[in-house]
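Here's the structure, in structure tokens; my notes come after.
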Amino acid sequence: MDGVTKITERISAAAAAEIEKIKADAAAEIEKIEADSAEKVKAIQADGDAAVARERAEAAQRAESAAAAAKRAVTLACRAEVLEDVYAKVRASLAAMDGKEREDFLAGVLRAALADCHAREAHAKDTFDENIAPKTYTLRLSAADTAAYGEALVQSASEPIVLGDAADIDGGLLLVCGDTFINCSLEMILRDAREKTEPQIRAALFG
């Protein structure tokens, strides 16, 4: 499993938890509205059967309308908050990784970055008959990740990679490929993951 796949899986899990919370909040609000309406019907029962029937029908309509409005209000109010909360939780969980888990995550991201480099190289060769593959790739990590995982990542890679200077990022990596580089910083891969997952999350949350 590469690092990008792990991110999308965490996003899906966080979204599922938020969806269940919203459904529960909306259901509780609807239940309260329906209970209030039932109490109003009981309160007018002494006024005669016709009045009770009329009020019961009107109360049922009001309850249905109010319940639908409450559900929409809960959903609308939570849209931006829920989406931001989902991605904030995923970001925090990824940033908090350490040890073997973090090393494996970075190794997965590195494999994805190298695959992207090779795709660009193949395109240049096929389209322009130009060999842009560098003799070595340069891996740049955050200062903390460079110290903790840099050498291990370089040694475990099956490609000619050297460790470059620390990058001004808080996770993920940059991979220099000749005159270009692949930006797989945590910020960038979360942005890309959000673009891929947000439509499905919106559909699941808001219909």
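So which residues in region 108-125 are open to solvent by 80 Å² or more (accessible area, probe 1.4 Å) and within 20 Å of Asp192 (Cα to Cα), if there are any at all?
Matches in region 108-125: Arg111, Arg120.
Looking at Phe105, Phe128, Phe181, which one is out of contact with any helix residue (DSSP H, G or I) (no Cβ under 6 Å at 6 or more places or on another chain) and surrounded by 15 or more Cβ atoms within 10 Å (Cβ to Cβ)?
Matching residue, one of Phe105, Phe128, Phe181: Phe181.
Mind checking which residues of region 131-147 are of a type in the set (Ser, Thr, Tyr) and open to solvent by less than 50 Å² (accessible area, probe 1.4 Å)?
Matches in region 131-147: Tyr137, Thr138, Ser142, Thr146.
Over 21 Å from Asp98 (Cβ atoms) and surrounded by 13 or more Cβ atoms within 10 Å (Cβ to Cβ) - does that describe any residue in region 148-155?
Looking for residues that are over 21 Å from Asp98 (Cβ atoms) and surrounded by 13 or more Cβ atoms within 10 Å (Cβ to Cβ), one finds none in region 148-155, hence no.
Quick check on my filter: what residues within region 88-135 are of a type in the set (Phe, Trp, Tyr) and under 16 Å from Asn183 (Cβ atoms)?
If the condition is that a residue be of a type in the set (Phe, Trp, Tyr) and under 16 Å from Asn183 (Cβ atoms), then no residue fits.
Is it the case, given these coordinates, that Ser93 is of a type in the set (Ser, Thr, Tyr) and either open to solvent by 60 Å² or more (accessible area, probe 1.4 Å) or in contact with a helix residue (DSSP H, G or I) (Cβ under 8 Å, 6 or more places away or on another chain) (or both)?
yes
State whether one or more residues within region 156-170 are among the charged types (D, E, K, R) and touching a strand residue (DSSP E or B) at 6+ places or on another chain (Cβ under 7 Å).
Within region 156-170 (the criterion being among the charged types (D, E, K, R) and touching a strand residue (DSSP E or B) at 6+ places or on another chain (Cβ under 7 Å)), the answer is yes, since at least one residue qualifies.
Determine if region 164-172 includes at least one residue that is modelled with pLDDT of 90 or more, of a type in the set (A, V, I, L, M), open to solvent by 60 Å² or more (accessible area, probe 1.4 Å) and within 24 Å of Ile7 (Cβ to Cβ).
Checking region 164-172: not a single residue is modelled with pLDDT of 90 or more, of a type in the set (A, V, I, L, M), open to solvent by 60 Å² or more (accessible area, probe 1.4 Å) and within 24 Å of Ile7 (Cβ to Cβ).
Looking at the structure I just gave you, is Glu81 modelled with pLDDT under 95, under 25 Å from Arg194 (Cβ atoms) and among the acidic types (Asp, Glu)?
yes
The values are calculated or read from the model by the stated rules, or taken from the named source; none is laboratory data. Just so it is clear, the model here is predicted, and its values are computed rather than measured. Glycine also receives a Cβ, built like all others from the backbone with ideal geometry; neighbour counts cover every protein chain displayed. Note: areas computed on protein heavy atoms with side chains; ligands, DNA, RNA excluded. Shrake-Rupley method; radii C 1.70, N 1.55, O 1.52, S 1.80 Å.
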